[in-house]
Amino acid sequence: MNTVDLHTLTGAYALGALSEQESAEFTRHLAQCQACTREVRELQETAARLALAVAEVPPAGLRTRVMAALPEVRQLPPRGRHATAPVVPLRRGLRHRLPYLAAAACLVVAAIAGGLAVTARNEADQQRDRTVRAEQQAAAVSALMAAPDATFHTTALKGGGSGTVVASKRMGQTAFLYHGLPKLSGQRVYELWYSRDGTMEPAGLVETGSSSGAMLLTGGPEGADGVGVTAEPPGGSNRPTTPPLAVLRV
């Protein structure tokens, strides 16, 4: 077998599909070929991940049932003294198995590597977007709190927690600072509202899962006499569906 043939056996070797003679010859090749050694290691790691993904815990009592059934299992008759296993020539065996093994290994590696790369890239992009938004929000809230005409109004919410409304008409912005908000049942969310002449207008949703933090409201405080907080269905509502947990002056 030449060196070119050996380079094509990484997938078959990683899956344990080579004969004893082929495996021994390829093992000697690995000692001299770093590229094949690296590829075999990656393929073996991929195969291990696939095995873990479909692994199942055997049901209780399986070993006991198997051991109890052994006396009833008929054994194979011994082979003849001169019987020998059929020997498949190395090149012919490779010629038949190699295309399928190589194709299978390539598909497995491509599918998993592609999926992991896409997932990692998406998660990284999402985390980067969240970080950027959080930094921008924090900078905006800090600037609002430092405004010369900023007003602060704090109150406790029904059910727990407290909230503070910071508003600046000069900057045209309002922020809601909250602390110790309890988790709502039924996947409901905290929603903020501007109160203008008795009409409640949506002003944003508090980040789900966060009991303390700060956020800018959608829209400015012009013409508003208060900011309300309610518990709404997932995604929020166009109109309050529950009595306010608090209404803070602007």
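The values are calculated or read from the model by the stated rules, or taken from the named source; none is laboratory data. Quick caveat: nothing in here was measured; it's all calculated off a predicted structure. All Cβ positions, even for glycine, are placed from backbone atoms using ideal geometry, and neighbour counts span all protein chains on display. Areas reflect the complete protein model, heavy atoms only, side chains present, ligands, DNA and RNA absent. Shrake-Rupley method; radii C 1.70, N 1.55, O 1.52, S 1.80 Å.
Provide the per residue accessible area, probe 1.4 Å, for the stretch 117-245, rounded to a whole number of square angstrom. Before the final figure, lay out each step's value.
Numbers: 7150 Å² over 129 residues.
Value for the stretch 117-245: 55 Å² per residue.
Each residue of the stretch 204-211 is assigned a 3J(HN,Hα), and the resulting list reads x, 10, 6, 4, 5, x, 10, 8 Hz, derived from the Karplus form 6.51 cos²θ - 1.76 cosθ + 1.60 (θ = phi - 60°), x at Gly and Pro.
Over the stretch 138-250, what is the relative contact order in percent, taking alpha-carbon pairs closer than 8 angstrom and at least six residues apart? It would help to have the intermediate numbers written out before the result.
Values: 271 pairs, mean separation 31.0, N = 113.
Once normalised by length, the contact order is 27 percent.
Within a Cβ distance under 15 Å of Val166, other residues only, what is the Lys/Arg minus Asp/Glu net charge?
Numbers: positive: Lys169, Arg170, Arg249; negative: Asp149.
Charge balance near Val166 sits at +2.
Modelled label positions at Thr37 and Arg239, each set 7 Å beyond Cα in the direction of Cβ, lie 7.4 nm from each other.
Applying 1/(1 + (r/R0)^6) with r as the Cβ-Cβ distance of Leu15 and Met67 and R0 = 30 angstrom yields a FRET efficiency of 0.45.
Of all the accessible heavy-atom surface of the stretch 187-250, with the other protein chains kept in place and a 1.4 Å probe, what percent is carbon and sulfur? Exposed carbon and sulfur together represent 51 percent of the surface. Shown is the FRET efficiency for His153 and Thr131, computed with R0 = 35 Å from the Cβ-Cβ distance and rounded to the nearest 0.05: 0.70.
Here the simple spin-label model places points 7 Å from the Cα toward Cβ, and for Leu184 and Glu201 these points are separated by 2.1 nm.
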